[in-house]
1. For the range 742-872, count the residues as N, evaluate 2.2 N^0.38 Å, and divide the Cα radius of gyration by that value, please.
2. So who's got an amide H within less than 5 Å of the one on residue 109, skipping anything under 5 residues away but keeping other chains? H placed 1.01 Å off N, in plane.
3. Run through the range 602-687 and list the trypsin sites (Lys or Arg not before Pro) located in a DSSP loop whose Cβ has at most 11 other Cβ atoms within 10 Å.
4. Hey, which lysines would be in cross-link range of residue 654, C-alpha to C-alpha under 24 Å, not counting anything within fewer than 8 residues on its own chain?
5. For the range 855-872, in order, what is each residue's ³J(HN,Hα) by Karplus, 6.51 cos²θ - 1.76 cosθ + 1.60 with θ = phi - 60°, in whole Hz (x at glycine and Pro)?
6. Which lysines, if any, have their Cα less than 16 Å from the Cα of residue 60, not counting same-chain residues under 8 positions apart?
7. Which lysines does residue 228 reach when only Cα atoms under 19 Å apart count, and residues fewer than 8 places away in its own chain are ignored?
8. Give the Rg/Rh ratio for the range 17-190, taking Rg as the radius of gyration of the Cα atoms and Rh as the Kirkwood radius, to two decimals.
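Derivation of every value follows stated rules applied to the coordinates shown; laboratory data play no part. Bear in mind the structure is a predicted one, so any value in this text is a computation, not a measurement. Methodologically, a virtual Cβ is constructed for each residue, glycine included, from the backbone with ideal geometry; neighbour enumeration extends over all protein chains shown.
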Amino acid sequence: QEKIYLKDYKGPAFSVDSVHLDFNLNEDFCRVRAKSAIKQLTAGSALHLNGVDLKLIAVKINGQELQPTEYQVTAEELIIPSVPASFTLEIETQLEPQNNTSLEGLYKSSGIFCTQCEAQGFRKITYFFDRPDVMTSYSVTIEADKKKYPVLLSNGDRIKTEDLGNGRHKAYWSDPHKKPCYLFALVAGDLGVIRDTFTTTSGRKVNLEVYASHGKQDRCWHAMDSLKKAMTWDQDVYGLEYDLNDYMIVAIDDFNAGAMENKGLNIFNSRLVLADSSSATDTDFHSIESVVAHEYFHNWTGNRVTVANWFQLSLKEGLTVFRDQEFSADMTERAVQRIEDVDALRAGQFAEDAGPNAHPVRPESCMAVDNFFTMTIYEKGSELIRMMQTIVGRKGFRKGMDEYFRRHDGQAVTTEDFAAAISEPNGKDFSQFKRWYNQSGTPVVSVLEKFDAAAGEYHLTLEQSCPPTPNQPTKEPFHVPLMMGLLDKNGKELALNCEHITQNTDGKHLIELKDHKKTFVFKGIKERPVLSILREFSAPVNLHWEASEDDLYFLMEKDTDSFNRREMAQKMGLRVLSNLIAKARKGEALQVDEKYINALSAVIRDPNIDPSFKAKMLQLPSYAVLAQVEPVLDAEAFHKARVTVRKTIAKMNKAALLETYRQFHGVEPKSRDTKVFGHRQLKNQALSYLAELQDPEILEIVNKQYWDAQNMTDRMTALTILADSQSEYREKALQHFHDEWKNDSVVINKWFTAQASATSRPDVLKDVMALTQHPTFNLQNPNNVYSLLRAFSANIVRFNDPKLNVYEAYADKILEVDAKNPQVAARLCSAFNFVQKLDPVMKDKALTQIKRMVAAPNLSKNSRELLQSALT
Ligand code: B3K
Ligand code: ZN
């Protein structure tokens, strides 16, 4: 099948000085006229323009209409073999946005015209150079019915709006900044808006607007506040200011991704804009803040400097994720933010890197460009940037970023260009570091310790390796920055006397492991020290370290690096769970290690631990992590082990957990302060531990919390617990939530997810399939699909239930979605990434379904690419 390769990349043969787009929007068709000023860069080149699903009306060169013999139209291109050195090209096409279910290009959502062009949606609007390295200036006119579409938006500056007198009106827009076509956007509809302003450091007054369907304006203020925070942060931290007079965000109900950074006109999935305390959880507020910031940060990292080709996607995405993570760390609590980011990386990206679709951060080939929008490109990409910052220090990193913009503003560049801009001004050699971009797989770093009391020396031997991944059987050693420290028996940091230890400009101690294996000798050590390594998770690796239990418990309590305190709790949790899983698989009785329970009990009772950090300390490793570290994905054994540990913790700490719950429940229920979020998280976690006891008294508390809830966080916590129970309260609460929110396209998704995520109920498959037929569920709405079907596949316990034919039912749904919307279907396919981890019977079941899907006629190349690799 048509694969594309990085090695085949060639720069553009033409440049475009400017383009004017004229849209005439109607109920049953849309006419697009594109007029471009084009120059040949390579003399004698034939003109190849991308275009898909378009009806071509006319082509003109320098005002002269071409005869059909003078051009050629294929399924994906318009080819004009002979063109002048410099010319004006006019193309007229006709589209049917109302029938566009792929939600890329120009489409309609709840009566609103909108666009999604990244990665290759612009070719569904007109024939053009649909590649990011062709940047040009855009002017746009939009004509539509004035009543139905009073709001007409595009990128850049609002020039004017004309009333055409016949019930129609026309808006004129002009974007002064050159951009690639994937950043083009248009919105036309009847929308409500909220407005504010922001004045930049150099005095530019920017009009800020957030649009949403009428009646939802009240829920837009958090997005607006987040935008202003992001604008301030980018000025303070990177000296980057906004560069237009208007910044618009539009919330759309049917949207494949989370949001899109179109120049000056971000289009967002409604779920990442709309929020108030009765409709959104604390987590929603946090996600909105970080995604609004992410899209805003793209204005510099992505838009001003963009990618030369899609293989470089991480240039903008990895960097922008890194920037939004740092922003969130500054807005909330750094250590807790880091823990959350690493949890997500491990659960998602490490799994991807260990599965059939593993790929490098800068891939070499692909079938569907849209399959590049992965956790590897985004989250691992962000870790690469973080490592660069760790190596050169914050000051050095800022120097490098300044240099990056100095060199490349207005250009389309590569990850190599970025690495050079960071390393060169800092006098660093990144040639080995760049392997992180080319080699896939999660490296393993093994730790071996030796203490020589007589010599007063501590020897630390580090050895790295990386498992084989598709097309990459062997790997070269990585450049791994390992932040570390040595602690004395009281938990005090020892002076590090070792010739290979460096200290970055932030004062952090680093080992830069570049060899396959190396021993580091620390001198002047009188007593056996306790090692704390990979602090702050300074590199995206799996650490193999057979630390003693005593050391792990010591670090859990005493490490000065908060990330590692929690990391050691996870490590112990994994040891305990693995042990129980092995026993469960043999049918033996499960007894939880007492020391571990005691350690967690001590955490529960310690009044000096910050609540949000305590909540992280008390989390058990997730099912997704178990699925990676265990040799076999045995859903039943995982569930038995995890529930047993949770139950034991709850039983041993019932009074203390109840006390925690009562201490924070109902305190400032409407507050959105980070501290209060933390309190709520801890008390809700206490409640969910207690619910494991299935004690009527506790279920009553849960039920009461549902009905009395004064914010969505409390309501959803209670609903999620009830949805996973056999309690008499379950149906009534679910019914109530449904009745309350059935007409709210954003909130009703929580109702789907609560039911799809139940791990203890045996009937989840039945529930989920029944919900796909429910009147509020629409298979063409991506949020509905993600919150029901994707949430179900993330429910590792029930999705891999050997007693049911889950895979078959799920494959049917993938095929159904694929026929309408390949991008959404492809996202569902990742559920099969674990196939090699299943036992032979389950694996066979999964492979049968994968083969059936691959053989389906008309399967999209998006889905095919992901499924096929699972077969090889
Ligand atoms: N760049 C967009 C993602 C577009 C997805 C295209 N299939 C959102 C973001 O990363 O900011
Ligand atoms: Zn992004």
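1. Relative to the rule-of-thumb radius for its length, the range 742-872 sits at 1.01.
2. When sequence neighbours closer than 5 places are left aside, the close amide H contacts are 114.
3. Of the trypsin sites (Lys or Arg not before Pro), the ones in loops of the range 602-687 whose Cβ has at most 11 other Cβ atoms within 10 Å are 670.
4. 595, 614, 616, 640, 683, 704
5. Rounded to whole hertz, the list is 7, 5, x, 6, 4, 5, 6, 4, 5, 4, 4, 6, 6, 4, 5, 5, 8, 9.
6. Counting by Cα, and skipping residues close in sequence, residue 60 has these lysines nearby: 35, 39.
7. Residue 228 reaches 205, 263.
8. Rounded to two decimals, Rg/Rh equals 0.96.
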